[in-house]
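The values are calculated or read from the model by the stated rules, or taken from the named source; none is laboratory data. Bear in mind the structure is a predicted one, so any value in this text is a computation, not a measurement. Here Cβ is always computed from backbone atoms with ideal geometry, including for glycine, and neighbour counts include all displayed protein chains. When the accessible area is computed, the model is the full protein with side chains, heavy atoms only, and any ligands, DNA or RNA have been set aside. Shrake-Rupley method; radii C 1.70, N 1.55, O 1.52, S 1.80 Å.
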Amino acid sequence: MTSSPTLLITAAGTGVGWAYALTLSQHMPGVRLITADTNGAAWCSAARLSTLHLQWPPFEAGDAYLAQLNALIDAEGVTHYLPIIDPEIAWAARERGRLRVELLGPDDEFAKLALAKDQYAARLATLGVDSPRTLGRSDIEAGTPGFAKLPGSFGGRAAWPIQRAEQLDTLPAGAFVQEALPGAEYTVDCFPTGDDDIVICSVRERVETKSGVCTKARIAPNPILRDYARKMVQGFSLTTPFCFQAIASSDGQRLAVTDINPRLGAGTLMSAANGTDFFAAHLARTFGHSWREHLRPHHLRCAVTRQYFELLTPEVD
């Protein structure tokens, strides 16, 4: 254990975990990194950049996880804790007062809203933010296409296109159906500034996706989506970065928020390629460094393509 600032990233095997670990190594090498994931170090890319990696069972909210977390915090001198998956973010927000560490995440209200997708239409409407309306069986029978979701789903899980009323009978308990808009899809990366400009945004049109992952994006200003970001920041008094997804109507005149993430996304690295490095800005502000320098876009409008690279780790016999 050292006196250096120490960051713990849980669910570090995710794309977001890798993005934070990579950014930390590039910009703040003086911060010690600990990673935890359901996978061992050989199967967790971020572990290659950490001083200690722990293989943990899947996250399960409760006192047992709190005790496990606090024990690690005490033993390793962890100063900052960054949960990545949405259920753990929401749990940590609720348990903030019992965590013996600084939590890098939003407050309880926003974290709960992000998971409560069935409440978007009502909650966001009070802020002047559009969201797809909830559909009933009669709407589907009348030919209105829908998209079924579970309220607490994240990362593209538990979502099904609905075209016929009989499909409703096979949905799991608790699922609800939103209207499906046919237009362009967007992701908006957001950084609350705490200053007069309220929020810095990068709007990415999802030009191509493969298995739910955006591989080609067009970055360009969008006043409506920036206004949505500003309303969310002010309405929920947000101080940590987040992202949300929206979809357009066929004529492009309507933009509706379909998903909110109480964190950045793996695709936020596409914004970083254009100079708006939200990961670097978040870590810089957390550890007391200048952060606005990381949020200066190279281009007002640009195309970004996303590729993969390989990390090789020998397994111990």
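Summary of values
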quantity: Residues of segment 141-185 satisfying the condition of being open to solvent by 40 Å² or more (accessible area, probe 1.4 Å), at pLDDT 90 or above and within 21 Å of the chain's Cα centre (by Cα); calculated: Glu185
quantity: In segment 115-140, residue farthest from the chain's Cα centre (by Cα) [restricted to those that are open to solvent by 30 Å² or more (accessible area, probe 1.4 Å) and of a type in the set (Lys, Arg)]; calculated: Arg137
quantity: Test: residue in segment 218-229 that is farther than 27 Å from Pro5 by Cβ, modelled with pLDDT under 95 and either touching a Cys at 6+ places or on another chain (Cβ under 8 Å) or surrounded by 17 or more Cβ atoms within 10 Å (Cβ to Cβ) (or both); calculated: no
quantity: Residues located in segment 291-317, provided they are open to solvent by less than 70 Å² (accessible area, probe 1.4 Å) and either over 30 Å from Leu150 (Cα atoms) or among the aromatic types (Phe, Trp, Tyr) (or both); calculated: Trp291, His294, Leu295, Cys302, Val304, Thr313
quantity: Any hit, segment 276-285, residues being open to solvent by 20 Å² or more (accessible area, probe 1.4 Å) and over 12 Å from Asp189 (Cβ atoms); calculated: yes
quantity: Segment 254-268, residues that are in a strand (DSSP E or B) and within 21 Å of Leu103 (Cα to Cα); calculated: Ile260, Asn261
quantity: Scan of segment 30-48 for residues that are more than 18 Å from Leu69 (Cα to Cα) and not small (Gly, Ala, Ser), ordered by number; calculated: Val31, Trp43, Cys44, Arg48
quantity: Residue within segment 252-275 that is loosely packed, with under 15 Cβ neighbours inside 10 Å and in contact (Cβ under 8 Å) with a residue 12 or more places away in the chain present; calculated: yes
quantity: In segment 276-315, the residues that are of a type in the set (A, V, I, L, M, F, W, C), in contact (Cβ under 8 Å) with a residue 12 or more places away in the chain and outside any helix (DSSP H, G or I); calculated: Phe287, Leu295, Leu300, Cys302, Ala303, Val304, Leu311
quantity: Subset of segment 104-114 [over 16 Å from Ala61 (Cα atoms) and either surrounded by fewer than 19 Cβ atoms within 10 Å (Cβ to Cβ) or in contact with a Gly (Cβ under 7 Å, 6 or more places away or on another chain) (or both)]; calculated: Asp107, Glu109
quantity: Some residue of segment 55-78 being hydroxyl-bearing (Ser, Thr, Tyr), under 25 Å from Leu269 (Cβ atoms) and open to solvent by 10 Å² or more (accessible area, probe 1.4 Å); calculated: no
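Residue-wise test of (1) closer than 26 Å to Leu181 by Cβ; (2) outside any strand (DSSP E or B); (3) not polar (S, T, N, Q).
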position	(1), (2), (3)
Ala36	no, no, yes
Ala61	no, yes, yes
Ala75	no, yes, yes
Pro87	no, yes, yes
Arg123	yes, yes, yes
Asp139	yes, yes, yes
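Rundown of residues vs (1) within 20 Å of Asn261 (Cβ to Cβ); (2) in contact (Cβ under 8 Å) with a residue 24 or more places away in the chain; (3) touching a Cys at 6+ places or on another chain (Cβ under 9 Å); (4) part of a loop (DSSP other than H, G, I, E, B), yes/no style:
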{"position": "Ala92", "(1), (2), (3), (4)": "yes, no, no, no"}
{"position": "Pro106", "(1), (2), (3), (4)": "yes, yes, no, yes"}
{"position": "Glu109", "(1), (2), (3), (4)": "yes, yes, no, no"}
{"position": "Leu113", "(1), (2), (3), (4)": "yes, yes, no, no"}
{"position": "Ala148", "(1), (2), (3), (4)": "yes, yes, no, no"}
{"position": "Glu166", "(1), (2), (3), (4)": "no, no, no, no"}
